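Here the structure comes first, spelled out in structure tokens, and everything after it is commentary.
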Amino acid sequence: QGLTRCHPHMLELILSLQVPDTASKKEMDEAQQKFIKQLKLVVQHGATNFGRSVVRGVGSTFSTMTRSKKAYKNGDDLLAHHEKQLLRLSANFALTADLCFTLGGKLKFEELLMGRLADALGAIFLGYSTLHHYSRRRGIDGLEAVTEHAMLRLEKEGQDALKEAADNFPGPLGGVASAVMKLGCFPMGGFTRP
């Protein structure tokens, strides 16, 4: 229920299916048109999340590979780099949430998947909190190094949690959802890194 209500189009899609049997032909046609419209929006939303996930995954991998080991000493570069990393992880999480619809009502009982998603979301949240803390307290000696260390660790934890979720995606469409998730979240395979 929470996943359905958080999705921008899913609730309207479900409501379009709830037409009483006593509805007139006109009401049935309107409900059918609404369903088709909402279904298109759900598919577009999923495709957009997949695209963002791939583009940000490739971009962040190249950014990490070309980044100097001392780049964290410049506070503006530190913030910009890690904000991009968190945006990538957020796009990965959004794609994963869309794929969770393949589980239907069984999502509540998939504790391993839910645990990994909670780990990923927690790492993303703590990452944004860390960047907020840094941006408010800039100028403290050594804060850049501590922030860099914390962010690298949180980004790795978030990525590992999503990888474990992809490796163990349950359900009858679990293999397909797992393949889509791996392609979207880790477009460069093992080279994708925070």
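The values are calculated or read from the model by the stated rules, or taken from the named source; none is laboratory data. For clarity, every value in this text was computed on a predicted model and none was experimentally measured. Cβ coordinates were reconstructed from backbone atoms using ideal geometry, including for glycine residues, and neighbour counts include every protein chain displayed. Heavy atoms of the whole protein, side chains included, go into the accessibility calculation; ligands, DNA and RNA do not. Shrake-Rupley method; radii C 1.70, N 1.55, O 1.52, S 1.80 Å.
Restricting the search to the stretch 166-188, which residues are open to solvent by 20 Å² or more (accessible area, probe 1.4 Å), of a type outside the set (Lys, Arg), assigned to a helix (DSSP H, G or I) and under 21 Å from Thr64 (Cβ atoms)?
Across the stretch 166-188, the qualifying residue is only Leu183.
(1) open to solvent by 40 Å² or more (accessible area, probe 1.4 Å); (2) of a type outside the set (Gly, Ala, Ser); (3) in a helix (DSSP H, G or I): which one isn't true of Leu99, the others all being true?
Status for Leu99: all satisfied but (1).
From the list Lys163, Lys108, exactly one residue is free of Cβ contacts under 8 Å to residues at least 60 places away in the same chain, crowded, with 17+ Cβ neighbours inside 10 Å, part of a helix (DSSP H, G or I) and out of contact with any Leu (no Cβ under 7 Å at 6 or more places or on another chain). Which is it?
Just one listed residue meets the conditions, Lys163.
Restricting to the stretch 42-60, name every residue that is hydroxyl-bearing (Ser, Thr, Tyr) and either open to solvent by 40 Å² or more (accessible area, probe 1.4 Å) or under 19 Å from Gly104 (Cα atoms) (or both).
Thr48, the sole residue that qualifies.
Name the residues in the stretch 20-47 that are more than 30 Å from Lys84 (Cα to Cα) and either within 16 Å of the chain's Cα centre (by Cα) or modelled with pLDDT under 85 (or both), would you? It would help to see each step written out before you state the result.
Step one: filter the stretch 20-47 for residues more than 30 Å from Lys84 (Cα to Cα), giving 20-39.
Answer for the stretch 20-47, where residues must be more than 30 Å from Lys84 (Cα to Cα) and either within 16 Å of the chain's Cα centre (by Cα) or modelled with pLDDT under 85 (or both): Pro20, Asp21, Thr22, Ala23.
Among the residues of the stretch 21-57, what is the count of those that are under 29 Å from His133 (Cβ atoms) and of a type outside the set (Lys, Arg)? Before the answer, list the steps.
Kept after step one, since they are under 29 Å from His133 (Cβ atoms), are these residues of the stretch 21-57: 49, 52-53, 55-57.
Pick out the ones that are also of a type outside the set (Lys, Arg) and you get 49, 53, 55, 57.
Number of matching residues: 4.
Report, by residue number, each residue of the stretch 20-32 that is surrounded by 11 or more Cβ atoms within 10 Å (Cβ to Cβ) and assigned to a helix (DSSP H, G or I). Before the answer, list the steps.
Taking the stretch 20-32 and keeping what is surrounded by 11 or more Cβ atoms within 10 Å (Cβ to Cβ), we get 23, 27-32.
Listed by number, the residues that qualify are Glu27, Met28, Asp29, Glu30, Ala31, Gln32.
Can you name every residue in the stretch 111-145 that is open to solvent by 40 Å² or more (accessible area, probe 1.4 Å) and outside any helix (DSSP H, G or I)?
Arg137, Arg138, Gly139, Ile140, Asp141
Give just the number: which of (1) at pLDDT below 85; (2) in a helix (DSSP H, G or I); (3) open to solvent by 60 Å² or more (accessible area, probe 1.4 Å) does Thr4 not satisfy?
The failed condition is (3).
Of the residues Leu78, Leu13, Leu17, which is at pLDDT below 85 and touching a helix residue (DSSP H, G or I) at 6+ places or on another chain (Cβ under 6 Å)? Break it down stepwise before answering.
On the way: Leu78 fails: at pLDDT below 85; Leu17 fails: touching a helix residue (DSSP H, G or I) at 6+ places or on another chain (Cβ under 6 Å).
Matching residue, one of Leu78, Leu13, Leu17: Leu13.
Among the residues of the stretch 1-41, which ones are touching a Pro at 6+ places or on another chain (Cβ under 9 Å) and either closer than 25 Å to Lys106 by Cβ or in contact (Cβ under 8 Å) with a residue 12 or more places away in the chain (or both)?
Going residue by residue through the stretch 1-41, those that are touching a Pro at 6+ places or on another chain (Cβ under 9 Å) are 27, 41.
Once the filter is applied, which keeps residues that are touching a Pro at 6+ places or on another chain (Cβ under 9 Å) and either closer than 25 Å to Lys106 by Cβ or in contact (Cβ under 8 Å) with a residue 12 or more places away in the chain (or both), the stretch 1-41 yields only Leu41.
Cβ contacts < 9 Å: first residue farther than 14 Å from Leu154 by Cα and assigned to a helix (DSSP H, G or I), restricted to the stretch 75-86; second residue among the acidic types (Asp, Glu) and open to solvent by 10 Å² or more (accessible area, probe 1.4 Å), any location; separation 6+ or different chain. Result?
That search, which allows pairs on different chains as well, returns Gly75/Glu144; Leu78/Glu144; Leu78/Glu148.
Exactly one of these conditions fails for Phe50: (1) among the aromatic types (Phe, Trp, Tyr); (2) closer than 20 Å to Lys182 by Cα; (3) over 24 Å from the mean Cα position of the chain (by Cα). Give me its number.
Result: Phe50 fails condition (3) only.
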